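See structure below.
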Amino acid sequence: MSSKSHSNSGLPKAEVDEVVETWIDVLKIPTLSEAYIREDDNFFNVATKWSVNAAAKKENLSFARTFSVLKSSLGSGNPVVSTPGSVTVSEKLSVASKSGQKRAVLVDKAGDAEASSKIEYLQIWSDVTLLKTYNLGELDLHKSVYTSGGWGITMAWGERETKLAYLAEKKIPQIKSFYTSAAKTKSKGDQDKVKDKEVEDAIKQGEEYEYKQTWGEQLTGSYSSVVVVVDIETDEFKVLPLPENQFPTDINWVGDSHIVGTSYPIPIWRLGLIYCSNRESVIFSVQADGENFQTITEPGKACRSPRVRPDGGYLVWQERILDGAHDRARSINGIVLSQGLPSGEPRVIYESNPQNTLPVYQDFSRNCWSIDGNTLFAVTPNQGVMICLAITVGPPIAVNKIDQVDSLLWVTNDYLLVTSSTTLTSPQLRLLSISQNYQPVEISESISPIDFPTLKRLVYGEASPPSIFHGPTIASVPPKSVPLICYPHGGPHSCFVDTFSNETILFLKLGFAVLRLNYIGSIGGSRDTADDLMGKIGDRDVKDCQAMVENVLNSNASINPEQVVLFGGSHGGFLSCHLSSAYPDVYKAIAVRNPVTDLTTLVGTSDITDWAYAESGVDAPVPPVQTIIPTPRDLVDAEKYIRASPIQYVANVQAATLLLLGSEDLRVPSQQGLGYYRALKAYGKVAEVRMYPDNHPLTKAPVRLDNIIHSALWFKQYIR
């Protein structure tokens, strides 16, 4: 190998540098994470928080910007917007009150004793100054405050903005070994004996290695949650005494007197929750002092995303059946509230299944009600784009579809604050005028680093949502000169939509075309098609993907059929592995992130064992068995797992295979990829593994930086 070549890829250093520098440039494009509005007589002051990857520091950085929009200019089509410079922020969580005049901010800093110990502080800010600071470590009421998106709303303001509620990890007794060399404290007098007894009762001896169940992938620090209520005026903190068998999440206030939320009854075996809307859960109500806990919904359903109407008189939530599909369409249910408590019976106000309605697949935004309480907003994927449904609760129900809404951030009397993007343009802020049929007013500019003509084409297979092709226009390149990356999504009950994609931009800038594949079983179509795939993975989804790949190859003269590669993660990795073995003459290289390769072992090692049951068509156990059994129960089940597994067909693979694995992945443990790698090597195939200290998505800043670069280099090397 010449000195000009990269030791790992065999590529010239100039090509390696091009990939690295291009990816770093793409990661400089900021993405919006949150925003709220502080309104006065003349201005909408839109406070925003953005995130950007700092490659040199190998971490994600957050910064704040405020857009001051002159109200009188909004009708002109050319709004006057003032934007001061960006300011970096280091907060873990920031929640604005309904008026936007107060913010609750969670920050942390290293403890004095050891740098690895973090102390959390809760700060209360007004528009002009810091009002309060609480050292949560000194209060010692609970462990870490929840900030994960997996738990929905983890901090919320009461109606009068004098009370705050938040979720935190429950404090547990101190644990010590059976043996310690520390001297025992001798008590002096009866009072000291009482104190010693209290201390001893708070210590669990010999339990440091007890197995404790969490909620799986990305939620490994979550064992037991508590709701904490803070009275800002009196500085009183109260941990609500909720039932021990409930795990409360996603909390909302009803006025200042009650809290509603989602709760997961703790089962004998906790299955993973992240990405899984099919777990049994209930909507609950409790007084702000912890009294009168009651469930609003019946057991045996999956209920989530409760949201209270601004006047406190109505509650809505999303509901679906308990079954094997880890995501599917949800109905919207509601109930009248009277003095904070349910009044009457719940009713379905929007059903996702009938053909005359658009299915809802995504949780409600924090702010999802119009100020007058007449309209409920739901953002959801639909036919390859993100839309917002404006549902007039009625009766009668009326629905208005608003296109190109990635997320709903804030609601005022007259406007919705939203973000919009496309695959090739970064998110931009928009105000949608409620009175003018949601006409958009742009208040920030989007960014696109693509400086050459591109073609976008929708490709249809068995799925209702289309696959999305991006590549150079045919007129701008010679025939058969463009390599193609085929990119099936994970899930399988997920989807690709035409929203901002760093990876797609990178690959396009490097000269590839990209086909992002939505296949049978994908969500986001005109109907829920999850059932069409269950029991047929590894077959129907594979054939569907291949048909769309052939469609593109046969209809686009610019694509080089000798330079087709595969890229995917999780179930997308599963499909990529299947495609490379089923059609070995088509694919030259494959880069897969944490792929499912062997269902016979996945069923016993994944945090969602039920996935292997449902997707391979194995029947769930019936009573007296109380939960999923993590092993094939007989040869019939074992055969279904084997037939669905890519590892069974590894001898047919011709493509050079790069496996990008997370050592902390609980969803698809790294042994899946390692087993596949060993099988490939046993047959003399070209294969390589990259192992990262990360979990399933591989999105930690340094990991994301590295694994995408290696994927691009791998493709460039093996299409030469």
Surface accessible to a 1.4 Å probe, Cys495 within the full protein complex, Å²: 30 Å²
Relative contact order of the stretch 326-374, pairs being alpha-carbon contacts under 8 Å that are 6 or more residues apart, as %: 34 percent
Simple label model, 7 Å out from Cα along Cβ direction - Ser148 to Gln339, nm: 3.8 nm
With all protein chains modelled, accessible area of Glu120 [1.4 Å, Å²]: 20 Å²
Stretchable slack from Tyr460 to Ser663, in nm (0.36 nm times residue separation minus alpha-carbon distance): 69.5 nm
Packing-based order for 515-523, 241-249, using average beta carbon neighbours within 10 Å, highest first: 515-523, 241-249
By average C-beta atoms within 10 angstrom, highest first, the peptides 397-405, 658-666, 337-345: 658-666, 397-405, 337-345
Estimated vicinal HN-Hα couplings, Hz - the stretch 439-453 in sequence order (Karplus 6.51, -1.76, 1.60; Gly, Pro = x): 5, x, 10, 7, 10, 9, 8, 8, 10, 9, x, 7, 10, 9, x
For Thr422, distant residues with modelled amide H under 5 Å away: Phe500
Residue-level accessible surface for Trp369, protein heavy atoms, 1.4 Å, Å²: 20 Å²
Ranking by accessible area, most exposed first, for Thr83, Thr220 with a 1.4 Å probe: Thr220, Thr83
Value of relative contact order over the chain, rounded to a whole percent, pairs C-alpha under 8 Å and six or more apart: 8 percent
Residues of the chain: accessible area per residue with a 1.4 Å probe, Å²: 43 Å²
Part-to-part distance (alpha-carbon centres) for the stretch 660-683 and the stretch 60-114, which is given in Å: 42 Å
Degrees, to the nearest 10: 571-582 long Cα axis against longest axis of the chain: 20 degrees
Local net charge near Thr422, Cβ-Cβ under 15 Å (Lys/Arg +1, Asp/Glu -1): -2
Neighbour net charge for Ala168 - beta-carbon separation under 15 angstrom, K R +1, D E -1: 0
Whole-Å distance, taken between Cα centres, linking the stretch 544-568 and the stretch 245-294: 47 Å
Residue (of Asn42, Val69, Ile172) at the positive-pole extreme of the chain, dipole from beta-carbon charges: Val69
Val379 long-range amide H proximity, modeled H, under 5 Å: Ser365, Leu389
Value of relative contact order over the stretch 229-350, rounded to a whole percent, pairs C-alpha under 8 Å and six or more apart: 19 percent
Residue-by-residue Karplus 3J(HN,Hα) for the stretch 335-341, coefficients 6.51, -1.76, 1.60, Hz, glycine and proline x: 8, 6, 10, 10, 6, x, 10
Helix 13-27 vs. the chain, principal-axis angle (Cα, 0 to 90°, nearest 10): 30 degrees
Check: the stretch 190-344 dipole with +1 on Lys, Arg Cβ and -1 on Asp, Glu Cβ, in debye: 1000 debye
Heavy-atom SASA rank of Leu131, Leu680 (probe 1.4 Å, accessible area, largest first): Leu131, Leu680
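The values are calculated or read from the model by the stated rules, or taken from the named source; none is laboratory data. What you are looking at is a predicted structure, and each value in this text was computed from that prediction instead of being measured. Here Cβ is always computed from backbone atoms with ideal geometry, including for glycine, and neighbour counts include all displayed protein chains. What goes into the accessible areas is simple: the full protein's heavy atoms, side chains included, and nothing from ligands, DNA or RNA. Shrake-Rupley method; radii C 1.70, N 1.55, O 1.52, S 1.80 Å.
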